[in-house]
Each structure stands twice: as structure tokens, then as C-alpha cells.
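Below: the structure, in C-alpha cells.
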Amino acid sequence: MYPTDICHKIPPDHLKLWWKEGVGEHGNHIEAGHELRSTVQFEKINLLGAMPFFEKFDVIFCRNVLFYFKEEDQIKVQEKLLKQLKNGGYLVLGNSDKLLITDGLEDVGITVYKKK
């Protein structure tokens with residue numbers, strides 16, 4: 001669930017195609033629609049170990065995880081994640097996480113960064 005005030009940052013055709021409005025108490029939020037969720041790959045990985053992926057990703061979500069690590073390990077993990085991210089791809093961190101590597105990234109929203 002994401003607040004609807006971020007909608008202006010999502011292209012209207014993507015918003016209509018991939019997202020749906022929340023209902024009830026979540027009426028002021030949007031959430032990923034079924035079609036978008038079905039294209040997502042979820043994996044459990046050891047962030048300090050070798051990355052088990054050969055391909056690069058359009059979006060990486062690493063929300064509210066990094067703050068559990070020492071700062072030096074946070075930097076290592078962020079470097080690994082950025083290597084797995086396509087140019088123009090997005091890294092989404094949690095509100096509790098701090099971006100320690102800013103080189104090559106553009107801040108495009110609260111905890112959302114775009115790789116240049």
C-alpha cells in the first residue's frame with residue numbers, strides 16, 4: 001500500500017494498468033494490482049553472501065532490512081544491490097533504512113532512488 005499522493009510520480013497509463021485504489025480504511029492508498037503482482041519475483045537471499053542472480057532488475061525492494069546491519073555491512077549490501085539494478089532502475093528502501101551510497105543515484109521520492 002502506498003499513499004495516493006505519490007500517484008503524480010507514476011505515468012498515468014502505468015497507474016491505470018498496474019495499480020488499483022485501496023478500499024475502506026485504505027481508500028487514500030494505492031496498491032499493486034494482480035497483474036503487476038504476478039510479474040514479481042520474490043526471493044530469500046543472504047544479503048551479505050554472493051548474489052544468486054545473473055540478470056539485472058528494473059526494481060529492487062529492500063525495505064526495513066538494512067538498519068539491522070552494521071554501517072559497513074549496509075554499504076556492502078547497497079553496493080551489491082546497485083550492481084544488480086539496471087540503469088534507470090529503482091531501488092526502494094524502507095523508512096527505517098538509510099541510503100549510504102548516493103553516487104549514481106537520483107532521489108525520486110521518499111526512500112525511492114533511480115539509478116542513473
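Some values worked out for this structure:
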item	result
Filtered residue count, region 77-97, keeping only those that are more than 20 Å from K9 (Cα to Cα) and exposed (fewer than 13 other Cβ atoms within 10 Å of the Cβ)	3
Verdict on D107 being part of a loop (DSSP other than H, G, I, E, B) and among the charged types (D, E, K, R)	no
Members of region 76-95 that are under 17 Å from T111 (Cβ atoms) and not in a loop (DSSP other than H, G, I, E, B)	V77, Q78, L81, L82, L85, G89, Y90, L91, V92, L93
Selection within region 10-30 - in a helix (DSSP H, G or I) and surrounded by 11 or more Cβ atoms within 10 Å (Cβ to Cβ)	L15, K16, L17, W18, H26
Where a residue in region 85-104 is on the phi > 0 side of the Ramachandran plot and its partner, wherever it lies, is in a loop (DSSP other than H, G, I, E, B), with Cβ under 6 Å and at least six apart	G104/K116
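We did not get these values from a lab; they are worked out from the coordinates using the rules stated. Predicted, not measured: the structure shown is a model, and the values here were computed from it. No Cβ is skipped: glycine too gets one built from the backbone with ideal geometry, and neighbour counts run over all protein chains shown.
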